[in-house]
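Written below as C-alpha cells is the structure these notes are about.
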Protein chains: 2
Amino acid sequence: MLQVLKALALMNATRKVLKISSKELAEKIGQSIQTASRKLKELEDEGLIERTLTKDGQFVVITDKGKELLYKEYLDYKRIFEGEGEFVIKGKVFSGLGEGKYYVSLEGYKKQFEEKLGFTPYPGTLNLRIPKEQMFFRAKLDEMDGIKIEGFKTKERTFGEVKAFKCRINGIDGAIVIPQRTHYPKNVIEIIAPVKLREVLGLKDGDWVEVEVIA
Amino acid sequence: MLQVLKALALMNATRKVLKISSKELAEKIGQSIQTASRKLKELEDEGLIERTLTKDGQFVVITDKGKELLYKEYLDYKRIFEGEGEFVIKGKVFSGLGEGKYYVSLEGYKKQFEEKLGFTPYPGTLNLRIPKEQMFFRAKLDEMDGIKIEGFKTKERTFGEVKAFKCRINGIDGAIVIPQRTHYPKNVIEIIAPVKLREVLGLKDGDWVEVEVIA
C-alpha cells in the first residue's frame, strides 16, 4: 500500500489532483488492474487519498494524513543516511610483538601522522583481532583509499606505505593504520592515538572494542 | 522485503554488523518468527544483506547493493518533499461581472498589493471556476493563512479583508485573491498579475488553466 502511495506521490499527487485510471496506475506499479484498483480503494478507506469519479474519469489526491505517512518514511530514510560513511568495526584486544612501538616512533612515519592525522601518536599500537562475522567492514578498509602515509628509506632499509583511517574509540580520536605489505593479516587492525589506549580505556587481552571509522 | 531491510538499517546495519536473532527481528517488524526468518533468507539471496551464523548467534550487515536500494528509496522520498508547500489548482476560465477591475483599482487595496505582493496589478482579475474533483486544494486555501490584505473604509462604504496567495500561472507571477466575506463562492478563484493574463496567455472562457500556488 505504501509503495502505491509513494508511486502516486512521485506523480505529484501531493501537489495536484491527479487524473489517473486504474489501468494507468496498474502499468506504473507493474501489477494487474484489479490489484491497482483494490489498492486505491484501500488507500481511500485509510484516508490516505481522496478519490473523485466524474464522467471525465478518476481523480486522486493524497490527503494530509497520506502526506504525513510519506513524511515519516522520508525521515526514516534520512536518518539512515545521516552520518553516512561512518561505520563500526568490532574486534578483540590482543598483544602484538611490540613492533608497533618501533614503527610508530620512526621519524619518517611520525612526521606524517602529525601532519595528516593531526596528532602525535603514543609510541605503540592497540591490536584488535576481527572475528569472522565482523569482517565485512574490515574488508571495506582494504577497498577504501584512506589517508596515504608514504613509505621511506633509511640507510639500513626500506619502510613501506601505510594506509590510515581516522577513527574514534570510546570517545577518543585516533587512527587505524594498515601497513600496505602483502603478508599483513587481513583480520587484524592496529590503532594509534595520542594516548595509550590500553591504559586510558582499561583494556586487557580478550576485551571487545568498537572502533568507529570516520570515512 | 524493503520494509525489513529498512528496519535493519534503522538498527544501524548499514554501519555495523548487527547481532540479531530471528525472534528479535520478528518482534521489531511485528511479524512471526517464521516470516522474519524467511525475509532474512530472501534479503540474503538477493545479495542485499550478508549473514553469518556463529556459535554466538546470527550476525547481519547490509551490503553495498542493499544500501543502494535504500538510497534509491531515500532519493524518491526526497523528491516528493522537495518544493514542498507548492501545489496546483486547476480551473476553467469564466467571465466575471467586471467587479474585479473596480476592486483592484481601489487605492486601499492597490497599495497593499504593491507592498505585500511586490507588483502593481493590472486592473482586473482572471476568474477561474474550480470543478468538483479539483476542490481539494481550493479548500486548502480556506484553511491557510495566506497574505493578509487589510480591509479599509472610505466615506461611502467599508471594504473587507482579502487573503492573497502568491502564485504562478504559465510562468507568470501573480496572486490569488480571496475576499474574506461570507458569501464569496467556494469554487471560484480570482487571479491578479502585473499583466492582463487573459490577453498575454491568449485565454478565452472555458479554457483550462493550472495555477501553481507558492505557499
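The values are calculated or read from the model by the stated rules, or taken from the named source; none is laboratory data. No experiment lies behind these values; they were computed from the predicted model shown. Cβ atoms come from the backbone with ideal geometry, glycine included; neighbour counts cover every protein chain shown.
Here are some notes:
- Count of residues meeting criterion [free of Cβ contacts under 8 Å to residues at least 24 places away in the same chain and either more than 14 Å from every other protein chain (Cβ to nearest Cβ) or on the phi > 0 side of the Ramachandran plot (or both)] in segment B:114-144: 4
- Among the residues of segment B:174-183, those identified as crowded, with 17+ Cβ neighbours inside 10 Å and either assigned to a loop (DSSP other than H, G, I, E, B) or hydrophobic (A, V, I, L, M, F, W, C) (or both) are B:ALA175, B:ILE176, B:VAL177, B:ILE178.
- Whichever residue in segment B:19-69 is more than 14 Å from chain A (Cβ to nearest Cβ) and of a type in the set (Gly, Ala, Ser) and, among such residues, is surrounded by the fewest Cβ atoms within 10 Å (Cβ to Cβ): B:GLY30
- Test: residue in segment A:183-201 that is touching a residue at least 12 places away in the same chain (Cβ under 8 Å), within 13 Å of A:ASP142 (Cα to Cα) and touching a Leu at 6+ places or on another chain (Cβ under 9 Å): yes
- Scanning segment A:4-18 turns up one or more residues that are loosely packed, with under 15 Cβ neighbours inside 10 Å, within 29 Å of the chain's Cα centre (by Cα) and at the interface with chain B (Cβ under 9 Å from one of its Cβ atoms).
- In segment B:84-120, the residues that are under 30 Å from A:GLU82 (Cα atoms) and in contact with a Lys or Arg (Cβ under 8 Å, 6 or more places away or on another chain): B:GLU86, B:PHE87
- Exactly one residue out of B:LEU117, B:LEU141 is aliphatic (A, V, I, L, M) and over 30 Å from A:LEU53 (Cβ atoms): that is B:LEU117.
- Just one of (1) surrounded by fewer than 16 Cβ atoms within 10 Å (Cβ to Cβ); (2) in contact (Cβ under 8 Å) with a residue 60 or more places away in the chain; (3) under 24 Å from the mean Cα position of the chain (by Cα) fails for B:LYS90. It is (1).
- Looking across segment A:184-200, the residues that are buried (at least 18 other Cβ atoms within 10 Å of the Cβ) and outside any strand (DSSP E or B) come down to A:ALA193, A:LEU197, A:ARG198.
- Within segment B:76-104, being away from chain A (no Cβ under 11 Å), at pLDDT below 90 and in contact with a strand residue (DSSP E or B) (Cβ under 8 Å, 6 or more places away or on another chain) holds for B:GLY96, B:GLY100.
- Flag for B:LYS55 being basic (Lys, Arg) and under 30 Å from B:LYS196 (Cβ atoms): no
- Any hit, segment A:157-170, residues being polar (S, T, N, Q), more than 30 Å from B:GLU133 (Cβ to Cβ) and out of contact with any helix residue (DSSP H, G or I) (no Cβ under 9 Å at 6 or more places or on another chain): yes
- Complete set of residues in segment B:145-163 that are surrounded by 12 or more Cβ atoms within 10 Å (Cβ to Cβ) and either outside any loop (DSSP other than H, G, I, E, B) or within 14 Å of chain A (Cβ to nearest Cβ) (or both): B:ILE147, B:LYS148, B:ILE149, B:PHE152, B:PHE159, B:VAL162, B:LYS163
- Helices (runs of 4 or more DSSP H) fully within segment A:38-141 counting 3 or more residues that are within 30 Å of B:PHE59 (Cα to Cα): A:64-81
- Segment A:201-215, residues that are more than 10 Å from A:LEU126 (Cβ to Cβ) and either modelled with pLDDT of 95 or more or not in a loop (DSSP other than H, G, I, E, B) (or both): A:GLY202, A:LYS204, A:ASP205, A:GLY206, A:ASP207, A:TRP208, A:GLU210, A:GLU212, A:VAL213, A:ILE214
- Test result for A:LEU126, touching a strand residue (DSSP E or B) at 6+ places or on another chain (Cβ under 7 Å), within 26 Å of B:ALA9 (Cβ to Cβ) and not aromatic (Phe, Trp, Tyr): no
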